[in-house]
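The values are calculated or read from the model by the stated rules, or taken from the named source; none is laboratory data. Note that the coordinates shown come from a computational prediction; the quantities given were computed from them, not determined experimentally. Because the Cβ atoms are built from the backbone with ideal geometry, glycine has one as well, and the counts that use them run over all protein chains shown.
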Amino acid sequence: MTEFSFFIEAVLSGLMAGVMYSLVALGFVLIFKASGVFNFAQGVMALFAGLTLVGLLQGTIPFIHTNNPAFALPPWAAILVTVAVMVVLAILIERLMLRPLVNQEEIILFMATLGLAYVLEGAGDILWGSDVKVLDLGLPQGASDWMLDTFNIYVEKIEVVAAVTAGILVTVLAIFFQKTRIGRALRAVADDHQAALSVGISLSTIWIIVWSVAGIVALVAGIMWGAKSGIQFSLSLIALKALPVLILGGFTSIPGAIVGGLIIGVGEKLAEIYAGPYVGGAIENWFAYMLALVFLLFRPQGLFGEKIIERV
Amino acid sequence: MLYREAGQFKTSYAADQAIFPIPQDRYMLAGILAIAFGVVPFVLNDYWVNAILLPFLIYALAAIGLNILTGYCGQVSLGTGAFLAVGAYSSYKLMTGFPEMNMLVVFALAGLITAAVGLLFGLPSLRIKGFYLAVATLAAQFFIIWLFYKVPWFFNYNATGQITVPPRDLFGFRLTGPEAVPAVRYLVTLSIVAVLALAAKNMARGHVGRAWMAIRDMDIAAELIGIRPLRTKLLAFAVSSFYIGVAGAMMFAIYLGAAESGETFGIQQSFDVLFMIIIGGLGTVLGGFLGAAFLVLLPIGLEAVLVEGLGLSTNFAEHVKLILLGSLIIFFLIVEPHGLARLWQITKEKLRLWPFPH
């Protein structure tokens, strides 16, 4: 294999990994835009959604963790039920956590989502068991033969599926935000809570919708990551992967989440391959953060974030 | 009635600006210190020291440190675990490199080294604010942990990658290592924590603390009234890191005895200490102690109730514990977002008039 196609392969694989990061970052951005909450539980939500989905697919009985094929649902039904579960979860979160915490400082809300992450993690394990689960939705696995034959480049099929899904998801979200009534209300709330309230937009409804959408995005992220490496506790740690993507792209920008994810994905891959051996490897844990930090020093609001204007 | 201030006249500026201006507070603090120094060392046993007293005191110190940065100066940091690690590893290098060095000097130097590292990672705070800064401090967290894991010099090239504390004495008493005397470990920790906590209270009261709070409340306005953001923020990072570094050194040398960078000082530590100051109360020294007590005692209490009281299996109890811990955190944030220290303040207000409220 030539040096150049090796480079292309690295870039492609970085881009694909970046798409995965973007999927998680997207959920963060949605919630932050609409409610100003920095939702640390997004990764755990992906884990919880994944666990629920696998549980429904295998007919696992909650609390007991034995599989009964009689209760197993077909994939489309399982996904629908999981979406319903995420919506119920959103309603519960709004009722029990966000509503009493209205008007609190950002850091308090952030801490509350950390508490939420604990609760969801514990609940997921109690309901569905904490062993590693295989998610089998019939998504294509292994390397893409076509790419391998034509360009002699190794690309995983599941990553292509993830990229396409992310593309569709972003398009749908963009249309939803720009063209629909609810989308307009969402943007109004993101802009100014008070003003939105005064023109008759119900904040609690909007929050339920936003958290539901974030839950569905979490489900998609859970499916993609789960299909790649199984549903397990480490899935909740992808939140930590998404954070540098967020600060790079800006907390409030959906395109930022995508572009940031791609930059981080490619940068990480190239750094690991070309710089990693000189410093002892395993740098992917912190490289993304350092990259984001350097970016931030020049653009404190991220690449696409709204310009921070400070007045006294 | 217990807290009535009527009739307490202050006749000098010194009295008015004392760290504890109200005599009741002074008496109570003296009482607590008398019990902590005079009674507890004679009744404690190994379990109490290892499971409750040492973690409580050391986490309280770390929480005070983080509170200086986050509570007083308003800079959210998620790098506490890494700074604890810097304290631990520098104390290890000092102890093995200079075996004759007095342990108190080791702790002080470990704190100073951590302060220097904290200063370095505080530099971005001049341009980055809020959550962007919080995520930026995660860079410190992951980078430093990786460094201690990858560079063998830090753990003296041993095969396990762990650091283990060598036995050392302080004033003729065995302080570290397996043969350490529980009472000595407790008393040394208590003394250091008490002195540093008092120093923190003092700093918060003086011009340094006021400058921090001005920066926290609105940095542009603070700049306009003549507070230099660069110096003030970096000072907060340095002082905070010093406290956390000393806490890390004590955590390694006195409390745990052995440590491994990723296992002991992972991101979970950062979140735990942040929980402590938020549940305890942002911007108070008392909050550090209350929050540490809450988060050290709660898991032990829950474990006792769930495993021994209800007879659940350890695995199941672990998950229930997680759920309860999360719910309790949310519950406390909803009930009193200003933390346990605020609850104590409200109690004091009530005690002022009690039992004749009218």
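Of all residues in the stretch A:118-129, which are modelled with pLDDT of 85 or more and facing another protein chain (nearest Cβ under 7 Å)?
A:Tyr118, A:Val119, A:Glu121, A:Gly122, A:Ala123
If you take the residues of the stretch B:105-145 that are more than 15 Å from B:Gly79 (Cβ to Cβ) and modelled with pLDDT under 90, which of them is nearest to the other protein chains (Cβ to nearest Cβ)?
B:Arg127
So, in the stretch B:206-230, how many residues would count as being surrounded by 14 or more Cβ atoms within 10 Å (Cβ to Cβ), over 15 Å from B:Lys129 (Cβ atoms) and of a type in the set (Val, Ile, Thr)?
2
Conditions tested, residue by residue: (1) under 21 Å from the mean Cα position of the chain (by Cα); (2) surrounded by 11 or more Cβ atoms within 10 Å (Cβ to Cβ); (3) under 16 Å from B:Leu297 (Cβ atoms).
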position	(1), (2), (3)
B:Leu2	no, yes, no
B:Phe9	no, no, no
B:Ser12	no, no, no
B:Ile22	no, yes, no
B:Arg26	no, yes, no
B:Ile32	yes, yes, no
B:Leu53	yes, yes, yes
B:Leu61	yes, yes, no
B:Ile64	yes, yes, no
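Residue-by-condition table, conditions (1) buried (at least 24 other Cβ atoms within 10 Å of the Cβ); (2) part of a helix (DSSP H, G or I); (3) under 21 Å from the mean Cα position of the chain (by Cα); (4) modelled with pLDDT of 85 or more:
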| residue | (1), (2), (3), (4) |
| --- | --- |
| B:Ile244 | yes, yes, yes, yes |
| B:Tyr255 | no, yes, yes, yes |
| B:Gly262 | no, yes, yes, no |
| B:Val296 | no, yes, yes, yes |
| B:Glu308 | no, yes, no, no |
| B:Leu324 | no, yes, no, yes |
| B:Ile334 | no, yes, no, yes |
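Please state which of the following conditions A:Gly59 fails to meet, knowing it meets all the rest: (1) under 25 Å from A:Leu237 (Cα atoms); (2) touching a Pro at 6+ places or on another chain (Cβ under 7 Å).
Just one mismatch for A:Gly59, condition (1).
B:Val296 - would you say it is over 25 Å from B:Val273 (Cβ atoms), more than 8 Å from chain A (Cβ to nearest Cβ) and β-branched (Val, Ile, Thr)?
It is false that B:Val296 is over 25 Å from B:Val273 (Cβ atoms), more than 8 Å from chain A (Cβ to nearest Cβ) and β-branched (Val, Ile, Thr).
Would you mind finding the one in B:Val49, B:Val76, B:Val39 that is at negative phi and part of a loop (DSSP other than H, G, I, E, B)?
After ruling out the rest, the residue left standing is B:Val76.
Under the condition of being aromatic (Phe, Trp, Tyr) and on the phi < 0 side of the Ramachandran plot, which residue from the stretch A:63-94 is modelled with the highest pLDDT?
Restricting to residues being aromatic (Phe, Trp, Tyr) and on the phi < 0 side of the Ramachandran plot, the top hit is A:Trp76.
Any idea which of B:Ala247, B:Ala221 is within 13 Å of chain A (Cβ to nearest Cβ) and among the aliphatic types (A, V, I, L, M)?
Sole residue among the options that is within 13 Å of chain A (Cβ to nearest Cβ) and among the aliphatic types (A, V, I, L, M): B:Ala221.
Taking the residues in the stretch B:146-193 that are basic (Lys, Arg) and under 30 Å from B:Ile35 (Cα atoms) as candidates, determine which candidate is farthest from the other protein chains (Cβ to nearest Cβ).
Ranking the qualifying residues of the stretch B:146-193, first place goes to B:Arg174.
Among (1) more than 12 Å from every other protein chain (Cβ to nearest Cβ); (2) within 24 Å of B:Ile144 (Cα to Cα); (3) surrounded by fewer than 24 Cβ atoms within 10 Å (Cβ to Cβ); (4) under 22 Å from the mean Cα position of the chain (by Cα), there is one condition A:Leu240 misses while meeting the rest; what is its number?
Just one mismatch for A:Leu240, condition (1).
Out of curiosity, is A:Ala292 modelled with pLDDT of 80 or more, under 22 Å from A:Val170 (Cα atoms) and within 13 Å of another protein chain (Cβ to nearest Cβ)?
No; evaluated as a whole, the condition is false for this residue.
Does at least one position in the stretch B:146-159 carry a residue that is closer than 24 Å to B:Gly79 by Cβ, surrounded by fewer than 17 Cβ atoms within 10 Å (Cβ to Cβ) and among the aliphatic types (A, V, I, L, M)?
yes
Could we say that A:Ile201 is more than 14 Å from every other protein chain (Cβ to nearest Cβ), in contact (Cβ under 8 Å) with a residue 12 or more places away in the chain and surrounded by fewer than 18 Cβ atoms within 10 Å (Cβ to Cβ) here?
yes
Restricting to the stretch A:53-101, name every residue that is touching a residue at least 24 places away in the same chain (Cβ under 8 Å) and surrounded by fewer than 19 Cβ atoms within 10 Å (Cβ to Cβ).
Hits for the stretch A:53-101 are A:Pro62, A:Phe63, A:His65, A:Pro75, A:Val81, A:Val83, A:Val85, A:Val87, A:Ile91, A:Arg99.
B:Val40 - would you say it is exposed (fewer than 14 other Cβ atoms within 10 Å of the Cβ) and out of contact with any helix residue (DSSP H, G or I) (no Cβ under 6 Å at 6 or more places or on another chain)?
no
Which one of A:Phe7, A:Phe38, A:Phe48 is modelled with pLDDT of 80 or more, within 14 Å of another protein chain (Cβ to nearest Cβ) and in a helix (DSSP H, G or I)?
Sole residue among the options that is modelled with pLDDT of 80 or more, within 14 Å of another protein chain (Cβ to nearest Cβ) and in a helix (DSSP H, G or I): A:Phe48.
What are the residues in the stretch A:217-234 that are crowded, with 24+ Cβ neighbours inside 10 Å and within 22 Å of B:Phe142 (Cβ to Cβ), if any?
A:Ala221, A:Trp225
Right, B:Gly281: at negative phi and under 24 Å from the mean Cα position of the chain (by Cα) or not?
no
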